[in-house]
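Below you'll find the structure, written out as C-alpha cells, and then a few comments.
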Amino acid sequence: MIQKIKGFKDILPEDIGIWQKVESTAKSIFESFGFSEIRLPIIESSELFKRSIGENTDIVEKEMYTFADRNGGLITLRPEATASVVRSYIQNKMYAKDPERKLYTIGPMFRRERPQKGRYRQFYQINAEVFGIKSPLIDAQLILMLTNLFEKLEVKDVITHLNSLGCPGCRPDFRRALIDFFKPVSDELCKDCIRRIDKNPLRVLDCKSPSCKKAVENAPVITDYLCAECETHFIAVVDTLKKQNIPFKLNTRLVRGLDYYTRTTFEIQTSLLGAQSAVAGGGRYDGLVKVLGGPDQPAVGFAIGFDRLVEIMAVSQKQKESCIDIFIAALGEKSSTIAYRWICELNLSGIKAEMDFSGKSLKSQMRKAGKLNAMYVAIMGEVELNDGAVIVRDMKTKVQESIPIKKFIESVKDRKAA
Ligand code: AMP
C-alpha cells in the first residue's frame, strides 16, 4: 500500500471540527480588527525566501523543499507566509493608494524538519501582517488580537513572551558583544552553535541544548544595547500592554529563527507540547519590504502554528466531539420513507439530521444515534405512525415528548433555534 510521506498527515473528518472552529473564530476576530484575507501561491521562487528569511538560518540552510522547475529555475514550497505576503504587497502595489494594509492568510507551509509531536513537514499557519504603521500601538494591538483569539478559543496554559531585537543600527553592537562572549566558551556549546557563533550568534541564545542553555546564562542582554529609538518603541509596547492588562513576560533571550525581525518580537509558548513550546510567533520586520524591492514601509505580523494550536486545544479542553441535531429512528418501510423526506428537508434548512438506511433494530439505531452524539432522537414505529405522533427524546435530559407528525419539522426547527 502506498503510504503518506513522513512528516505529512491527513486531517480526518473526525478532527476537522476543531480546525474549522479555529479558522472561523480567527477570521471573525481579524476582520473586526480591520484585516482582509489574502490567498497566495504555495510555491514561490527560492530567491524570495533566501533574501527574506536569511541565508544563515536553519530554514534556508537545511529545511526548504527546493527543486528545479522544468525550465531550470529554482522554486520552493513556501516554508512560511510573511515573505509571500510582502512579495504580493509589493508586486500588486498595495501601498500605492494607502501604504497601510492589514492582511491575513491561512494555509500550509513546508519545512523539512525532523518530524516529532507538534512538528511536521507540512504544517498550517494563520498569519496576520500589518504594513505601513510605525507606531508601537499597532504592535500591542496585534498582541491583543492574538491573545484575544486564544481567549475566545478557551486555550489555557499559554504565556506571551516579549522581547526587542533592536534594529540594524543597534543590533550589530549586540551581535559583536555576543560573538566576544561566546568565542572563549565555544567548547561548551553544541556543534550547531559553534557554527552559529560567527554566522548567527543570536540563535545561540535560544538553543535548546542543556550545555548551550547553561553557557548562555551570563551572555549579554539585548535590552542593554538598544538605541534610544528602539528603547522608546519597546517601552511604549510594554506600557500599552500593561495598561490594557494583557499578560506577558519579558524574555530577553527570545530570538526568532528568521533574520528579518526588528524591534518587537513575541512568542506564545505552552508547556503542553513538550519540546515544541511555540504556538505562535511574530514581531516587527521594518526593513523587509525595502529589502524585497518595495518602498520603505514598516511592517509587523505574526504566525500561529495551526497544528499546535489544535493540539493544545484538544489537550486543554477535551473538545466536545461534533454532534448532530437529531437522529430519526424509523422502524418499517413506511416510517423510513417519511424519515427520509424529513431528514432531507431538515438538511436543506441547515439542520444536521441523520437516519439509518439499513433497516437496523431500534436498539442498534439508538446505539448509532449515541455514536453520532445526537442531541435528540425521534422514534417512529408503526404505533407512532398510527397515532399520528412521533416520540422525541432529549438525549441529555432523557425527557420524551410526543409530537404530532404534522408539527414535527416545525418543532425540530424551533428546538434548533432555541
Ligand atoms: P515561525 O514561522 O518559525 O516563526 O513559526 C511560527 C509558528 O509556526 C511556530 O510558533 C509554530 O507554532 C509553528 N511551526 C513552525 N514550524 C512548525 C512545524 N515544523 N510543524 C508544526 N508547526 C510549526
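Quick notes
- Filter result for ILE351 (assigned to a loop (DSSP other than H, G, I, E, B), modelled with pLDDT of 95 or more and away from the ligand (no atom under 16 Å from the Cβ)): yes
- Among the candidates ALA303, ALA314, the residue that is of a type in the set (Gly, Ala, Ser) and either out of contact with any strand residue (DSSP E or B) (no Cβ under 7 Å at 6 or more places or on another chain) or free of Cβ contacts under 8 Å to residues at least 24 places away in the same chain (or both) is uniquely ALA314.
- So SER164, is it out of contact with any strand residue (DSSP E or B) (no Cβ under 7 Å at 6 or more places or on another chain) and of a type in the set (Ser, Thr, Tyr): no
Table: residues versus (1) open to solvent by 40 Å² or more (accessible area, probe 1.4 Å); (2) more than 20 Å from VAL255 (Cα to Cα).
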position: ASN127; (1), (2): no, no
position: LEU153; (1), (2): no, yes
position: ILE159; (1), (2): yes, no
position: ILE179; (1), (2): no, no
position: LEU189; (1), (2): no, no
position: CYS193; (1), (2): no, no
position: SER211; (1), (2): yes, no
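- Every listed requirement among (1) within 16 Å of the ligand (Cβ to nearest atom); (2) at pLDDT below 95; (3) part of a helix (DSSP H, G or I) is met by LYS334 save one, (1).
- Taking the conditions (1) away from the ligand (no atom under 16 Å from the Cβ); (2) surrounded by fewer than 17 Cβ atoms within 10 Å (Cβ to Cβ) in turn, TYR95 satisfies each one other than (2).
- Matching entry among ILE246, ILE197, ILE222 (being closer than 18 Å to GLN141 by Cβ and open to solvent by less than 20 Å² (accessible area, probe 1.4 Å)): ILE246
- Residue in segment 103-120 that is part of a loop (DSSP other than H, G, I, E, B) and away from the ligand (no atom under 12 Å from the Cβ) present: no
- Positions within segment 341-380 being farther than 18 Å from GLN400 by Cβ and β-branched (Val, Ile, Thr), in sequence order: ILE343, ILE351
- The residues of segment 263-306 that are more than 11 Å from the ligand (Cβ to nearest atom), out of contact with any Ser or Thr (no Cβ under 9 Å at 6 or more places or on another chain) and either among the hydroxyl-bearing types (Ser, Thr, Tyr) or open to solvent by less than 20 Å² (accessible area, probe 1.4 Å) (or both), listed by number, are VAL289, GLY294.
- Residues in segment 35-53 that are in contact with a helix residue (DSSP H, G or I) (Cβ under 7 Å, 6 or more places away or on another chain) and open to solvent by less than 10 Å² (accessible area, probe 1.4 Å) were compared, and the one that is farthest from ALA299 (Cα to Cα) is PHE49.
- Looking only at segment 359-390, residues that are among the β-branched types (Val, Ile, Thr), more than 12 Å from ILE326 (Cα to Cα) and either at pLDDT 95 or above or touching a Phe, Trp or Tyr at 6+ places or on another chain (Cβ under 8 Å) (or both) come to 1 in all.
- Close contacts from segment 161-186, counting a first residue that is outside any loop (DSSP other than H, G, I, E, B) and a second that is small (Gly, Ala, Ser), with Cβ to Cβ under 8 Å and a gap of 6+ residues or different chains, come to PHE174/GLY166; LEU178/ALA219; PHE181/ALA219; PHE182/ALA215; PHE182/ALA219; VAL185/ALA215.
- Summed over segment 230-243, residues that are in contact with a strand residue (DSSP E or B) (Cβ under 9 Å, 6 or more places away or on another chain) and open to solvent by 40 Å² or more (accessible area, probe 1.4 Å) total 1.
- Selection of strands (runs of 3 or more DSSP E) fully inside segment 29-87 by the criterion of at least 2 residues being closer than 30 Å to ILE133 by Cβ returns 43-45.
The values are calculated or read from the model by the stated rules, or taken from the named source; none is laboratory data. Here the structure is a predicted model, which is why all the values come from computation and not from measurement. Using ideal geometry, Cβ is built from the backbone for each residue, glycine included, and neighbour counts are taken over all protein chains shown. Calculation scope for accessible area: heavy atoms of the full protein, side chains included, ligands and nucleic acids excluded. Shrake-Rupley method; radii C 1.70, N 1.55, O 1.52, S 1.80 Å.
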